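Since the structure comes first, as structure tokens, the remarks are kept for the end.
What follows draws every value from the coordinates through simple rules; no lab data is involved. Since this is a predicted model, take the numbers as computed values, not measurements. Positions of Cβ are backbone-derived with ideal geometry, glycine not excepted, and every protein chain shown enters the neighbour counts.
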Amino acid sequence: MKKHYLALTAMLAVLCVCAGARAQDAAWLGAASGVVKRIAPQHAAKFRLQAIAREKGNDVFELESRNGQVVVRGSSAPALLFGFHWYLKYYANAHVSWTGDQLALPPQLPPVPKKVRMASPYKYRYMYNYCTFNYTMSFWTWEQWERELDFLALNGVNLALSVVGQEAVWRNTLRRLGLSEDEIARFIPGPGFQAWWLMSNLEGWGGPVSQEWIENRAALQKKILARMRELQIEPVLQGFFSMVPRAMIKKYPRARILETGKWVNMDRPAMLDPSDPLFAQAAAIWYQEQRALYGDARFFGGDPFHEGGGADINLTRAGRGIQGAMRAFEPDAVWVLQAWQSNPKKELLDGLDKNHTLILDLFGESNPQWKRREGFYGFPWVWNIISNFGGNTGIYGALWKVARHPPAALKDPKRGNMAGIGAMLEGSMQDDPLWDLLFEMGWRTEPPNLDTWISGFAKRRYGKLTPGVDRAWRTLKDTAYGPKDGKRAEPESPFCARPGINISQDMNKFRRIRPV
């Protein structure tokens, strides 16, 4: 009798697990169906969406034709929607991009002659630089964000920075820490400077902002996160990495709160030493307030000493304290760090748990850090490109690097724990072929033939390919999209140059020209 009871209990447990999995699949399949309906409303009924298991832990999708429908299967919403997008591109000759769509699909969808199955070689397919949130998105509405999140899912993105609405987290945290409304207002920056605030480069610049602005941003972030979670795009929220307002130096004179210097002549926020007892209190409040507003998260960003700065602090102990506070709040927390300039320093990494850290190698196309830093010492890392600086609009991008470098890194015995590929562009809404190829490389293990690929891109973009269009795009592939002269960004207008007698042909606004 006891054996029968145990067998029945085990069977019921299995059935419950299966039912839970089916319910979870139904939820994300419904969200994926919503994307299909928004992209191709007149043809949505001709696609059948199904869930399948991962392949060796990584995402996979399948395509085939059955009974007059296109069957799209995926192991997650981003995998399935990437498969749907692959069908649009390579079978229906359609195009979806930041700058416009070409979706003139025929009444009868083209069949998939032979079943297609593709697996991503990467755990993570990442999106966004902090700067993107200001160079491109400072004043975006929900309608723009809805389209953007559809675009991310169509391109297989499964991990993305999401830092809209941080003003409310800081306001609520600082109120609990006893700062006045005026002190809080002088810390939170204006709408166009959030990125550099969250990277601990400045405080208060362009502010103050109204309470209405703060509430509206929080409401927008709630919508963004709800949709990301529906589409299984895991958000990277901001973490508490010891940045605090300079006003706290006077507010807590006994605490070890340190000056961190300047960033392009602006005072940086202060740094609360993670070994100080106040740190644990402040971090706990921060994470409580963020969860109250935006729910649970597993990935948290934030970089001490981004682009310079410094303080008399033990980096190893600081790193251990910052990550410890994250994990005290969320045991599975992963600290997402930007590999930019000299960061993250080895001393910081020495204090961290490899299983709870992810490094983003930002500038993989021009200055990859993994090669000179021992594949980041066993920590998981993501190969990224920036390509666009300052949100400038131009025609630029090293297609050949995007095609060749990730597969080469995957095969390099010194790659360490390479875990993903991503886009760290400072501004979006430009250079569609570059990003189209990058997102494809999240599923390729070999570089495509770029002559064939660019011709296919042009045909999809315009609906047909004429000899003149083909020649034009092949020329762009070899020139603006094929730089081999060391240039790292699009050329700019001479009107952007700083005044001088001998103006360089490089008109980049960040270039330092000696004044007359």
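In segment 371-465 the Cα-Cα distances spread across 10 Å bins starting at 0 as 15, 42, 32, 10, 2 percent of all pairs.
What the phi angles of segment 30-43 give under the Karplus curve with 6.51, -1.76 and 1.60, with θ = phi - 60°, is a coupling list of x, 5, 5, 4, x, 5, 4, 5, 6, 7, 9, x, 7, 10 Hz, glycine and proline written as x. Taking label points 7 Å from Cα along the Cα-to-Cβ direction, Ala27 and Arg254 give a separation of 4.6 nm. A P(r) calculated from all alpha carbon pairs of segment 133-267, with 10 Å bins opening at zero, reads 11, 40, 32, 15, 3, 0 percent. Converting phi to 3J(HN,Hα) with the Karplus coefficients 6.51, -1.76 and 1.60 and the offset θ = phi - 60°, segment 468-476 yields x, 5, 4, 4, 4, 6, 5, 5, 4 Hz in sequence order, with x at every glycine or proline.
If R0 equals 45 Å, the separation of the Cβ atoms of Leu105 and Ala219 corresponds to a calculated FRET efficiency of about 0.80. The slack between Arg291 and Ala45, meaning 0.36 nm per residue of separation minus the straight C-alpha distance, is 84.8 nm. For segment 368-408, there are no residues whose amide N sits under 12 Å from a probe point set 7 Å from the Cα of Gln144 along the beta carbon direction. Less than 5 angstrom separates the built amide H of Val236 from those of Ala160, Leu161, Ser162, all sequence-distant by 5 or more or on a different chain. Extension gain for Gln281-Asn449 works out to 54.9 nm (0.36 nm per residue, less the C-alpha to C-alpha distance). Note on Gln341/Lys464: beta-carbon distance plugged into 1/(1 + (r/R0)^6) with R0 of 41 Å gives a FRET efficiency of 0.35. The value given for segment 28-142 is a Kirkwood hydrodynamic radius of 15.4 Å, derived from the mean inverse Cα-Cα separation.
With contacts taken as Cα pairs under 8 Å and at least 6 residues apart, the chain reaches a relative contact order of 13 percent. Under a 5 Å amide H cut-off, with hydrogens placed 1.01 Å from N, Gln369 pairs with Phe363 among residues at least 5 apart or on other chains. What you get for the chain, charging only the Cβ of Lys and Arg (+1) and of Asp and Glu (-1), is a dipole of about 1140 debye around the Cα centre. If you model the chain as an ellipsoid using its alpha carbon gyration tensor, with each semi-axis the square root of five times an eigenvalue, the axes come out at 38, 32, 22 Å, biggest first. What is the log10 of I(q)/I(0) for segment 283-395, computed with the Debye formula using one identical point scatterer on each Cα and no solvent, at q = 0.20, 0.21 Å⁻¹? Log-scaled intensity ratios, in q order: -1.12, -1.18. Based on DSSP H segments of at least four residues, each scored -39500 (n - 2.57), the chain has a per-residue ellipticity at 222 nm of -12000 deg cm²/dmol. Counting only DSSP beta bridges with both residues in segment 124-448, the antiparallel share comes to about 20 percent. The alpha-carbon positions of segment 158-238 define a convex hull whose volume is 88 Å³ per residue.
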